[in-house]
1. Calculated from DSSP H runs of 4 or more alone, at -39500 (n - 2.57) each and per residue, what is the 222 nm mean residue ellipticity of the chain, nearest 500?
2. Could you work out what % of the accessible surface of region 49-119 is carbon and sulfur, using a 1.4 angstrom probe and leaving DNA, RNA and ligands out of the count?
3. Would you mind working out the magnitude of the charge dipole of the chain relative to its Cα centre, with +1 at each Lys and Arg C-beta and -1 at each Asp and Glu C-beta, to the nearest 20 Debye?
4. Helix 140-153 versus the longest principal axis of the chain: what angle, 0 to 90°, nearest 10, using Cα atoms?
5. With N set to the residue count of the chain, report its C-alpha Rg divided by 2.2 N^0.38 Å to two decimal places.
6. Rolling a 1.4 Å sphere over the protein heavy atoms, what is the accessible area per residue of the chain, to the nearest Å²?
7. Go through Lys147, Lys38, Lys47 and list them by solvent-accessible area, largest first, probe radius 1.4 Å.
8. Could you grab the relative contact order for the chain? Cα pairs under 8 Å, six or more apart, rounded to a whole percent.
Amino acid sequence: MQWRTQNEEETRIIGECVGACLLPGHMVALIGDLGAGKTCLTKGLAKGLGVPDQYEITSPTFTLINEYPGRIRLCHVDAYRLDNSRDMADTGFEDFFNAQVVVVIEWAERIRDILPEGTLFITFAYIDDTTRGLTFSGDEGLIQAIKEKIVRSGLSYV
Ligand code: ADP
Ligand code: MG
């Protein structure tokens with residue numbers, strides 16, 4: 001599934017649709033360069049998960065993992081500063097795999113080999129200053145549910 005967003009707000013809306021469809025234990029891998037829109041999408045996803053508005057979602061570049069309460073607890077990971085998945089394993093990250101939380105990972109390509117089966121991948125392409133291409137892959141049922149949500153949100157399919 002592919003979408004094209006024309007501005008930050010549209011990427012956030014897509015994130016909100018993703019968040020609304022997630023269940024405990026889901027893992028979302030975000031792939032894309034700096035400025036692609038990973039954190040922007042995560043802000044919407046947090047909203048869709050019911051994280052209260054008072055929490056500001058920022059890239060956990062230095063803290064590695066930020067956690068937020070919500071309908072489902074959100075663990076927001078940034079793998080940017082990791083050299084490889086061994087570093088990530090050292091953090092006890094794998095404890096999350098069966099946990100009752102949702103895990104969202106920026107720069108997930110750096111730890112691709114330890115991502116569990118069933119991970120939802122969202123890959124960002126920088127098209128121009130304000131346009132991004134978002135490609136979804138992973139669990140077909142989940143992707144279909146997200147697609148229906150996005151269509152209902154009023155975003156046009158491009
Ligand atoms: P990342 O976490 O991938 O480094 P951010 O979400 O922090 O990226 O930043 C994305 C930047 O791109 C923001 O400055 C945002 O305003 C800008 N932007 C422009 N167009 C879009 C779009 N269609 N979707 C998301 N962000 C966009
Ligand atoms: Mg970021």
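The values are calculated or read from the model by the stated rules, or taken from the named source; none is laboratory data. Worth saying up front: this structure is predicted, and the values here are computed from it rather than measured. Don't worry about glycine lacking a Cβ; one is built from the backbone with ideal geometry, like all the others, and counts go over all protein chains shown. The protein model used for the area step is the full one, side chains on, heavy atoms only, and it has no ligands, DNA or RNA in it. Shrake-Rupley method; radii C 1.70, N 1.55, O 1.52, S 1.80 Å.
1. Estimated from H runs of four or more residues: -9000 deg cm²/dmol.
2. C and S atoms contribute 42 percent here.
3. The calculated dipole for the chain is roughly 420 debye.
4. 50
5. 0.95
6. Per-residue value: 50 Å².
7. From most exposed to least exposed: Lys47, Lys147, Lys38.
8. About 33 percent, as a whole number.
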